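Trainee: Here it is, the structure, as structure tokens.
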Amino acid sequence: MKPFTYVTARSPASALELVREQGRFLAGGIDLLGEMKESIATPARLVNIKALPDTMAVTNANGRWRIGTNVTLATLAAHAGMKPALTGLVEAAADVGSPQIRHVATIGGNLAQHSRCWYYRHRDVNCRKKGGRLCYAREGESKFHSLFTGCTCLSPLGSNIAIALAALDARVFVQRGRKVESMTMAELYATAWRTPTAHHSLRDDDLILRIEVPAAPQGRSAYLQVAERSDFDWALVSCAASARVVDGKLQNARIVLGAVAPIPWQADAANAALEGKPVTTATAEQAADLLLQEARPFGDNAYKIPIARALVRRTLMKLVA
Amino acid sequence: MPWPQTTKYFGRSSPRLEGPAKAAGRARYTADVELPGMLYGAIIRSTWPAAHIRAVRLDQVRAAPGIRAAITAQDGAFDVHFYGAELAAVAGISRQAVLDALTLVEIDAEPRPFLVDELEALRAEAPRVVPARANLTDGKAQATADVDAAFAASAAVVEGTFETQVELHHPLEPHGHAASWEGDELTTWSSTQAVFGCRSAFAQALQVPQNKVRVICEHMGGGFGAKFNPGVEGILCARLARVAGAPVKLILTRFEQALAVGNRPSSHQQIKLGADATGRLTAFQLESFGTSGYDVGANTGGGSGSARFPAPYIYKVPATRVKQGTVAINAGLSCAMRAPGHPVASFGMEAILDDLAVKLGRDPLELRLLNDPSEIRQREYRLGAEKFGWKQKYRKPGSSAGPIKSGIGCAGAAWMSGGRGTQAELEINPDGTVAVRVGTQDLGTGSRTVIQVVAAEMLGLDLAAVAVGVGDTRFPPSGASGGSATTASVAPAIYDACEKALAELAKSSAIADPRGAHWLKACKTLGSAPLRVRGVWREGLSTGGAGGVQFAEVEVDTETGFVTIRKILVVQDCGAVVNRLTCESQINGGVIMGIGYALYEERVMDRATGVVLNPNLETYKLPGAADIPEIDIVLLDMPERGVIGVGEPCTIPTASAIANAVANALGVRVPRLPITPDRVLAALGRVPPPSRQARARAALKSAFARIAQMPEPIGPEESPA
């Protein structure tokens, strides 16, 4: 690991100032320290953001949930007040890593995490995401990789919190220079769709401050994932859904797939197809068709398509159960 | 066998002697050893999968801050054959100083073509992994006469292709040593399965007399066949300490564990099995190959890392033809790994046997009872079937309703498990306490506790009165802890020592039976000098040949491919049970390792770069607590057979039983381990096979054709274990 200095920021403005000289923001460090140990990231300075004011709390006011960037995943997973309203988010948080990781990892860090692609994470492989020439997964071992991408890199988004938040129409509030800008989850990852070296749309000195989730009256949400192991494993495919359920019919429905693209995978047509419909095998299959119609499997990842189909149906069933 | 019939400890459950020390963090493992002035050591490894190394220059490394020693792994120019091969080693005052200095090495290397794909390496035009040898090494073929005639006369013939992965050695405690020189005398703290084996290897490699080398292994976090000798890392550690003139500790990282400490070879097995109308096996034919890395596998003293395996496994088949090859790729060498060859052999054989049962419309358990020559396994199958509810649970393959299907399967195992050769020192003190010292080692298996149990039982003492020392070459010699030999090798020596000690004490104290009420009085007569006797392993207290069977119950989600194991039942013979608790703990561990082999573990290498893509426990997946089902263990306690080891047989049939349960649930076979969701969905035909897989199948077929062309063997078949 390259030597680095360590400073604690007391305000967003100073955090941005401090990070500009080859710095990286440090919250839980679960993602960043792994990259540093593998020499994938070599920051000269770590800017501790855990002391920033108003970043540790979950509040609910004016019809919105506000989740500070430093709220840990363990807090989210155990949040009794949030569970009935934002079930999908709570369930997604509970499925991240292990108890030890969830007690340290923050929601901001989870959203800003870098690719888990095994080529990207290998210390001696200079893949396309690291600025090299090739995406080795294309001709190589692509079992965990994307079914959809807008660029040469095949690595999917690793954050399943992002999938749950996308289904909830959440917005991320980011300190960008002197302004606080808000982004949808789609916007947060749009750059990774088209730029192979990008993990998200954040610049190096963009700082996630909080996440806001509309607290829709009678809104329901659900999350499911399939991994190779029962626990402490990355999703092969994840799925999140939300809707208001009125007389058994969906209103304002959202269905999102994870681990299949560098962005939360959504299709307006799939959401529209569910609007005003009850959840049946037929409506779920139709939504899955619309989500997956442009899927382009590579060597080893075609199996993700049947899993995604099953998850779309099961997540929608869970939503109305 | 003269083991006691009525017992206080023997055959019962005593807690692990060192348990409190481990739970409290007091137990000292190699990584915990701290000596004054101790340096950190690390290894510089090849980042080329194949290269000719002309020179390794360490001048800049040596000049770096905090560096006290830097040495090359080999003198002069040499070839490396895998990513991760050792080039040089560095010792310095801190881990950071060493890691910083590693980047300063200058290597003059000529990269060479490489291959990490077994099927590519088998192509006729493939470059050679080691220039002097063809990539395909023919193993010794075996056959009996009339194989073709036997197939022709069979009422049913099934054929199948089965594949197993390369499994990595990932004990919780990685490989490592601490080495300290006092003048020309070397002491090492080594994570090893053989302190005496390590002593010989250190002495030979470092040109030091054996009486000037001491190897200590107080506690160990597991050894499964890769820790029989110091390894390249141990020798480098001791050399660094000698050059630096200071103690050096060198512990491998998880990353390095994935590259260079050995592994279980892969296998590709094409099997043909015939039976008569009653279900009796008539003919067996196998073509197989697997990779042991760049060579035919390391012989680490506890069994080799050969890609060959016993065939046909455990069943009696009158006509057999077996052709086995090894294919070299640019990867680290295989070595012994918990029951070398057997889980590999078991997977193919038990699978084809179940496929035969399906073809014959028979219950697969019946077919085993008909064809398994072992009386012990016959008994175990009957006992297990009753307890498991086999008859009630067994359904036709794929016949359970709904998308989540349940299934059951079973499989058997054989292991030689013999052990001999241990000596033990028993010391009886005038205050009635006892110390036993044996130069064996406790891998975490409970060897210490076994020694305590035997001594306490034989001397009629409480466990607390018996102190046990193991893991030191200053103690009387014992063999390697491998081959499931330890308990059978150690327990008789303790028995012998106790018997001798009691005789001597009876003589010196003039108390005919000094045990029990007379113990303290008898011991007091010793005066100030303790009584010391040496026990030696002797015949008649232990034996070999352990059999075991396992039953598995699974649920398979046919929409996602996810496998959930509901239950594993183990019926295991290990002769006389010495300590039930640690014996069952061994079996739990064996089953869990088998679950990893069945569902999760697989080394993945990249064809383009030659690296191991999953050199960590994130993507090299070991089973976690949530993946472990109910494990029910029935021990056939047979004191009349004497002591038999259990560490290996208990891991052999787990994956086979699970794979058969999955096949029973689905109605189709998942022919390759590990059984991951993608493979389940592919077997169900839910995934369009990519063109690459079709190419791989064609390459596999031509590989088997090459193996089949191996010269027709002559002479009688070797009898497998």
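The values are calculated or read from the model by the stated rules, or taken from the named source; none is laboratory data. Every value quoted in this text rests on a predicted model; they were computed, and no experiment measured them. Every residue, glycine among them, receives a Cβ derived from its backbone with ideal geometry; neighbour counts consider all protein chains shown.
Trainee: Give A:K129, A:K83, A:K143 a once-over and let me know the one that is outside any loop (DSSP other than H, G, I, E, B) and within 24 Å of A:A261 (Cβ to Cβ).
Mentor: On inspection, the qualifying residue turns out to be A:K129.
Trainee: Which pairs have Cβ atoms under 9 Å, sit 6 or more apart or on different chains, and link a residue in segment B:207-224 that is without any contact (Cβ under 8 Å) to a residue 24 or more places away in the chain to one that is part of a helix (DSSP H, G or I)?
Mentor: B:P209/B:A203; B:Q210/B:R199; B:Q210/B:S200; B:Q210/B:F202; B:Q210/B:A203; B:Q210/B:Q204; B:N211/B:A203
Trainee: Another one. Name the single residue, out of those in segment A:222-236 being under 12 Å from B:G561 (Cα atoms) and among the hydrophobic types (A, V, I, L, M, F, W, C), that is nearest to the other protein chains (Cβ to nearest Cβ).
Mentor: Only one residue fits best here, namely A:V226.
Trainee: Condition first: in a helix (DSSP H, G or I) and in contact with an Asp or Glu (Cβ under 7 Å, 6 or more places away or on another chain). Now tell me which residues in segment A:14-66 satisfy that.
Mentor: Passing the criteria: A:L16, A:V19.
Trainee: Just give me the residues in segment B:131-176 being hydrophobic (A, V, I, L, M, F, W, C), under 20 Å from B:K272 (Cα atoms) and either out of contact with any helix residue (DSSP H, G or I) (no Cβ under 7 Å at 6 or more places or on another chain) or in the same structural domain as B:P623 (by TED's automatic domain parsing) (or both), in sequence order.
Mentor: Listed by number, the residues that qualify are B:A141, B:A143, B:A145, B:V147, B:A149, B:A150, B:F151, B:A152, B:A153, B:A155.
Trainee: Which one of these does B:V570 not meet: (1) within 14 Å of chain A (Cβ to nearest Cβ); (2) crowded, with 24+ Cβ neighbours inside 10 Å?
Mentor: (1)
Trainee: For the subset of segment A:131-166 comprising residues that are touching an Asp or Glu at 6+ places or on another chain (Cβ under 7 Å) and within 12 Å of chain B (Cβ to nearest Cβ), which member is surrounded by the most Cβ atoms within 10 Å (Cβ to Cβ)?
Mentor: Top of the filtered list is A:Y136.
Trainee: Give me the pairs: first residue in segment B:616-642 and farther than 23 Å from B:Q165 by Cβ and away from chain A (no Cβ under 14 Å), second residue in a strand (DSSP E or B) and small (G, A, S), beta-carbon distance under 7 Å, and six or more apart or on different chains, which are they?
Mentor: What qualifies is B:M638/B:G575; B:R641/B:G575; B:G642/B:S542; B:G642/B:G575.
Trainee: Determine whether segment A:292-312 contains at least one residue that is without any contact (Cβ under 8 Å) to a residue 60 or more places away in the chain, more than 12 Å from chain B (Cβ to nearest Cβ), touching a strand residue (DSSP E or B) at 6+ places or on another chain (Cβ under 9 Å) and not in a loop (DSSP other than H, G, I, E, B).
Mentor: No.
Trainee: Moving on. If you check B:A126, B:A134, which single one turns out to be part of a loop (DSSP other than H, G, I, E, B) and either of a type in the set (D, E, K, R) or touching a Lys or Arg at 6+ places or on another chain (Cβ under 9 Å) (or both)?
Mentor: Just one listed residue meets the conditions, B:A134.
Trainee: Quick check on this structure: which one of B:P649, B:P653, B:P639, B:P623 is crowded, with 24+ Cβ neighbours inside 10 Å and touching a Phe, Trp or Tyr at 6+ places or on another chain (Cβ under 8 Å)?
Mentor: Of B:P649, B:P653, B:P639, B:P623, the one residue that is crowded, with 24+ Cβ neighbours inside 10 Å and touching a Phe, Trp or Tyr at 6+ places or on another chain (Cβ under 8 Å) is B:P649.
Trainee: Give the number of residues within segment B:668-712 that are crowded, with 17+ Cβ neighbours inside 10 Å and under 23 Å from B:D557 (Cα atoms).
Mentor: Within segment B:668-712, residues that are crowded, with 17+ Cβ neighbours inside 10 Å and under 23 Å from B:D557 (Cα atoms) number 19.
Trainee: Additional query: Taking segment A:228-246, which residues are over 18 Å from A:L76 (Cβ atoms) and more than 16 Å from the chain's Cα centre (by Cα)?
Mentor: Within segment A:228-246, A:E228, A:R229, A:S230, A:A243, A:R244, A:V245, A:V246 meet the criteria.
Trainee: Let me ask something else about it. Being under 24 Å from B:R338 (Cα atoms) and part of a helix (DSSP H, G or I) is the filter here; which residues of segment B:240-297 pass it?
Mentor: B:R254, B:F255, B:E256, B:Q257, B:A258, B:L259, B:A260
Trainee: Any residue at all in segment A:105-125 that's closer than 20 Å to A:F232 by Cβ, within 14 Å of chain B (Cβ to nearest Cβ) and touching a Cys at 6+ places or on another chain (Cβ under 9 Å)?
Mentor: Checked against the condition, which is being closer than 20 Å to A:F232 by Cβ, within 14 Å of chain B (Cβ to nearest Cβ) and touching a Cys at 6+ places or on another chain (Cβ under 9 Å), segment A:105-125 yields at least one hit.
Trainee: Please state which one of B:V591, B:V554 is assigned to a strand (DSSP E or B) and more than 10 Å from chain A (Cβ to nearest Cβ).
Mentor: Checking each option against the conditions leaves just B:V554.
Trainee: Would you mind finding the one in B:F309, B:F284 that is out of contact with any helix residue (DSSP H, G or I) (no Cβ under 6 Å at 6 or more places or on another chain), among the aromatic types (F, W, Y) and not assigned by TED's automatic domain parsing to the domain that holds B:D79?
Mentor: Of the residues listed, the single one that is out of contact with any helix residue (DSSP H, G or I) (no Cβ under 6 Å at 6 or more places or on another chain), among the aromatic types (F, W, Y) and not assigned by TED's automatic domain parsing to the domain that holds B:D79 is B:F284.
Trainee: A further question on this structure: Would you mind stating whether A:P278 is at pLDDT 95 or above, surrounded by 21 or more Cβ atoms within 10 Å (Cβ to Cβ) and not β-branched (V, I, T)?
Mentor: So A:P278 does not fit the description; no.
Trainee: I'd like the full set of residues that are in contact (Cβ under 8 Å) with a residue 60 or more places away in the chain, assigned to a loop (DSSP other than H, G, I, E, B) and not aliphatic (A, V, I, L, M), limited to segment B:404-439.
Mentor: B:S417, B:G418, B:G419, B:R420, B:G421, B:T422, B:N429, B:P430, B:D431, B:G432
Trainee: May I ask you to verify whether B:A97 is within 14 Å of chain A (Cβ to nearest Cβ) and either buried (at least 19 other Cβ atoms within 10 Å of the Cβ) or not polar (S, T, N, Q) (or both)?
Mentor: Yes, satisfied.
Trainee: Filtering segment B:41-63 down to residues that are over 29 Å from the mean Cα position of the chain (by Cα) and buried (at least 20 other Cβ atoms within 10 Å of the Cβ), which residue is farthest from B:E106 (Cα to Cα)?
Mentor: Across segment B:41-63, the extreme among qualifying residues is B:A51.
Trainee: crowded, with 21+ Cβ neighbours inside 10 Å, aromatic (F, W, Y) and part of a helix (DSSP H, G or I) - does that describe any residue in segment B:185-194?
Mentor: No, that holds for no residue.
Trainee: Now for a separate question. Filter segment B:138-171 for residues that are buried (at least 18 other Cβ atoms within 10 Å of the Cβ), at pLDDT below 90 and not in a loop (DSSP other than H, G, I, E, B) and give the result.
Mentor: B:Q142, B:A143 - these are the residues of segment B:138-171 that are buried (at least 18 other Cβ atoms within 10 Å of the Cβ), at pLDDT below 90 and not in a loop (DSSP other than H, G, I, E, B).
Trainee: From (1) within 14 Å of chain B (Cβ to nearest Cβ); (2) buried (at least 24 other Cβ atoms within 10 Å of the Cβ); (3) in a loop (DSSP other than H, G, I, E, B), pick out the condition that doesn't hold for A:I263.
Mentor: (1)
Trainee: Condition first: loosely packed, with under 15 Cβ neighbours inside 10 Å and part of a helix (DSSP H, G or I). Now tell me which residues in segment A:187-212 satisfy that.
Mentor: A:R194
Conditions (1) surrounded by fewer than 18 Cβ atoms within 10 Å (Cβ to Cβ); (2) touching a strand residue (DSSP E or B) at 6+ places or on another chain (Cβ under 9 Å); (3) in contact (Cβ under 8 Å) with a residue 60 or more places away in the chain; (4) in the same structural domain as A:L316 (by TED's automatic domain parsing), marked per residue:
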residue	(1), (2), (3), (4)
A:I30	no, yes, yes, no
A:G63	yes, yes, yes, no
A:R66	no, yes, yes, no
A:A78	yes, no, no, no
A:M82	no, yes, no, no
A:A92	no, yes, yes, no
A:P99	yes, no, no, no
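Trainee: Pick from segment B:247-270 the residues that are of a type in the set (V, I, T) and over 21 Å from B:E602 (Cβ atoms): which of them is surrounded by the most Cβ atoms within 10 Å (Cβ to Cβ)?
Mentor: B:V248
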